[in-house]
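Asks: Take a look at the following structure, please.
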Amino acid sequence: MWKNLHPNIRKRIQIEFLSRLGSSLIFPFMSIYLFHAYNAQITGVLMMINIIISFLAGIYGGYLTDVFGRRRLLLFGEFIKLLASIGIVCANLPVYHFPWLTFVMMFLGNIASGLISPASEAMLIDVSTEKTRAFMYAINYWANNLALMIGMIIGGWLFERHFLLLTTILVIINISSLLLTKYLITETHEQMVNIKSHVGFQSVFHSYQIVLCNVRFVIFTIRWHLIT
């Protein structure tokens, strides 16, 4: 059954496994990092800002993936994630320590992840069928959870004393994800001809008007985003 899936599906599941593994090494423990740098109140505010911005980036990314195409948005997001991870390494070298820069880079990485997620989901739907979709989502679900478990175990073990090592591993993983996306993923949705008239926030709001009117769906989406 795995071999019958579209190549894009197989590669996206593998890339997402790598990405989730890398992010799980560090980001679940960043509240501890920020707490040591600041205090509980500031940490709470910063983490809430990250959640809100990531949610909004996901909404905007869901719209942009129909404008620019899936692969282009994936490449852009992976590139920003790579820059953010390099920034985190540079902010935590043994010779100096910049928590504020670490937060900014984490903030940037969350925006990139918010852009990548809807593009990836849309691509999976583009190339799957009703017969393969259930199997595809089952494999993707278990792969993501396995990556999360492995990443958090390794991260929890090394975070306090080997943070720089974990961030370096994250950079390597993000380089791999970017290269795999560039050379193994094909486009499944063509870019719009007239882009300028479709990228403003007014166009996004107009596109989401029907969805925003469904209060139950909006509440469900927000809750799902908070627990993931």
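Asks: Of Phe68, Gln14, Val45, which is farthest on the positive side of the dipole of region 1-140, counting Cα position, with +1 on Lys and Arg Cβ, -1 on Asp and Glu Cβ, and the Cα centre as origin?
Replies: About the Cα centre, the residue reaching furthest to the positive side is Gln14.
Asks: Further question on the same structure: From largest accessible area down, sort Trp142, Trp157, Trp2; use a 1.4 Å probe on the protein chains.
Replies: I get Trp157, Trp142, Trp2, largest accessible area first.
Asks: Taking a 1.4 Å probe, which of Met123, Met1, Met105 shows the most accessible area, and what order do the others take after it?
Replies: Working: Met123 0, Met1 110, Met105 35 Å².
Highest to lowest solvent-accessible surface, that is Met1, Met105, Met123.
Asks: Give the ranking of Glu121, Glu160, Glu78, Glu16 by solvent-accessible surface, highest area first, calculated with a 1.4 Å probe.
Replies: Working: Glu121 70, Glu160 125, Glu78 0, Glu16 25 Å².
Greatest to least solvent exposure: Glu160, Glu121, Glu16, Glu78.
Asks: Tell me which residues come under 5 Å, amide H to amide H, from His189 once H is placed; ignore anything under 5 positions away on its chain.
Replies: Arg70, Arg71
Asks: Note down, for the chain, the three equivalent ellipsoid semi-axes (square root of 5 times each alpha carbon gyration tensor eigenvalue), biggest first, whole angstrom.
Replies: Taking √(5λ) for each Cα gyration eigenvalue gives 29, 22, 17 Å.
Asks: Using a 1.4 angstrom probe on heavy atoms only, work out the carbon and sulfur share of the accessible area of the chain in %.
Replies: Exposed carbon and sulfur together represent 70 percent of the surface.
Asks: Counting only heavy atoms of the protein chains, get the accessible area per residue of region 98-156 (1.4 Å probe) and round it to a whole Å² value.
Replies: I get 50 Å² per residue for region 98-156.
Asks: On to the next question. Any idea of Arg72's accessible area? Nearest 10 Å², probe 1.4 Å.
Replies: Per-residue accessible area (Arg72): approximately 100 Å².
Asks: I'd like the distance between the alpha-carbon centres of region 1-59 and region 79-133, rounded to an integer number of Å.
Replies: When both Cα centres are located, 7 Å separates them.
Asks: Here is a further query. Mind checking which of Met105, Trp142, Asn174 is farthest towards the positive end of the chain's charge dipole, using Cβ charges of +1 (Lys, Arg) and -1 (Asp, Glu) about the Cα centre?
Replies: Result: Trp142.
Asks: Ignoring ligands and nucleic acids, what accessible area does Ser31 show with a 1.4 Å probe (Å², nearest 10)?
Replies: My reading of the accessible area for Ser31 is about 50 Å².
Asks: While we're on this one: If you place +1 on the Cβ of every Lys and Arg, -1 on the Cβ of every Asp and Glu, and leave all else neutral, what size is the dipole of region 1-105 about its Cα centre, to the nearest 20 Debye?
Replies: Result for region 1-105 is approximately 520 debye, rounded to the nearest 20.
Asks: With r as the distance between the Cβ atoms of Gln191 and Lys131 and R0 = 41 Å, compute the FRET efficiency 1/(1 + (r/R0)^6) and round to 0.05.
Replies: 0.90
Asks: Quick one: putting +1 on the C-beta of Lys and Arg, -1 on the C-beta of Asp and Glu, what dipole do you get for region 49-154 around its Cα centre, in Debye to the nearest 20?
Replies: Using Cβ point charges on Lys, Arg, Asp and Glu, region 49-154 gives about 100 debye.
Asks: Suppose only helical runs count, i.e. DSSP H with n ≥ 4. What mean residue ellipticity at 222 nm does that imply for the chain under -39500 (n - 2.57) per run, divided by all residues and rounded to the nearest 500 deg cm²/dmol? Spell out each step's value before the answer.
Replies: Working: 9 runs with 183 residues, N = 228.
That calculation yields -27500 deg cm²/dmol at 222 nm.
Asks: For the modelled label position 7 Å from the Cα of Ala138 along Cα-to-Cβ, which residues of region 1-26 have backbone nitrogen atoms closer than 12 Å?
Replies: 1-2
Asks: Quick one: dipole size for the chain, taken about the Cα centre, charges +1 on Lys/Arg Cβ and -1 on Asp/Glu Cβ, in debye to the nearest 20.
Replies: On the way: 16 positive and 9 negative charges, 62 e Å.
Taking the Cα centre of the chain as origin, the dipole is about 300 debye.
Asks: With a length cut of 24 Å (Cα positions projected on each helix's long axis) and a Kyte-Doolittle mean of at least -0.5, go through the chain and give me the DSSP H helices that pass.
Replies: Flagged H segments are 7-26, 40-68, 70-90, 99-127, 130-158, 163-184.
The values are calculated or read from the model by the stated rules, or taken from the named source; none is laboratory data. Just so you know, these numbers come straight off a predicted model, no measurement behind them. FYI the Cβ positions are ideal-geometry reconstructions off the backbone, even for glycines, and counts take in every protein chain you see. The area values use the complete protein model at the heavy-atom level, side chains included, leaving out ligands, DNA and RNA. Shrake-Rupley method; radii C 1.70, N 1.55, O 1.52, S 1.80 Å.
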